[in-house]
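Asker: This is the structure, below, for whatever I ask next.
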Amino acid sequence: MSKNCPKCEGILEEETQPVPKKVPLPIPLKPTMSIEKYLPSIMKKYSNYTIFICSLCGYMEVFFKR
Ligand SMILES: [Zn+2]
């Protein structure tokens, strides 16, 4: 699925990522540290986000999914 850029003739590139709630620490055993308290609370309701970026002009859209 590709979307046309609303600002120029480019195509928006799409990538979906989980909303980060933990980060691995760069030390042995790689424990994870919760970063949830640093997230905007409105983001905590969603588990994934999809980002669209136009490779020509840099126009960006982000959508969150539960
Ligand atoms: Zn564009």
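The values are calculated or read from the model by the stated rules, or taken from the named source; none is laboratory data. Not measured: the values here are computed from a predicted model. All Cβ positions, even for glycine, are placed from backbone atoms using ideal geometry, and neighbour counts span all protein chains on display. The protein model used for the area step is the full one, side chains on, heavy atoms only, and it has no ligands, DNA or RNA in it. Shrake-Rupley method; radii C 1.70, N 1.55, O 1.52, S 1.80 Å.
Asker: So which residues in region 6-50 are in a helix (DSSP H, G or I), under 25 Å from Glu61 (Cβ atoms) and either open to solvent by 80 Å² or more (accessible area, probe 1.4 Å) or of a type outside the set (A, V, I, L, M, F, W, C) (or both)?
Answerer: Answer for region 6-50, where residues must be in a helix (DSSP H, G or I), under 25 Å from Glu61 (Cβ atoms) and either open to solvent by 80 Å² or more (accessible area, probe 1.4 Å) or of a type outside the set (A, V, I, L, M, F, W, C) (or both): Glu36, Tyr38, Ser41, Ile42, Lys44, Lys45.
Asker: Which count do you get for residues in region 56-66 that are surrounded by 12 or more Cβ atoms within 10 Å (Cβ to Cβ) and in a loop (DSSP other than H, G, I, E, B)?
Answerer: Result for region 56-66: 3.
Asker: Only residues that are at pLDDT 95 or above and out of contact with any strand residue (DSSP E or B) (no Cβ under 9 Å at 6 or more places or on another chain): list them for region 21-66, please.
Answerer: Hits for region 21-66 are Cys57, Gly58.
Asker: Taking the condition more than 14 Å from the chain's Cα centre (by Cα) and more than 16 Å from the ligand (Cβ to nearest atom), does Lys37 pass?
Answerer: The answer is yes for Lys37.
Asker: Determine, yes or no, whether Lys3 is within 16 Å of the ligand (Cβ to nearest atom), surrounded by 10 or more Cβ atoms within 10 Å (Cβ to Cβ), modelled with pLDDT of 95 or more and not aliphatic (A, V, I, L, M).
Answerer: Spelling it out, it is not the case that Lys3 is within 16 Å of the ligand (Cβ to nearest atom), surrounded by 10 or more Cβ atoms within 10 Å (Cβ to Cβ), modelled with pLDDT of 95 or more and not aliphatic (A, V, I, L, M).
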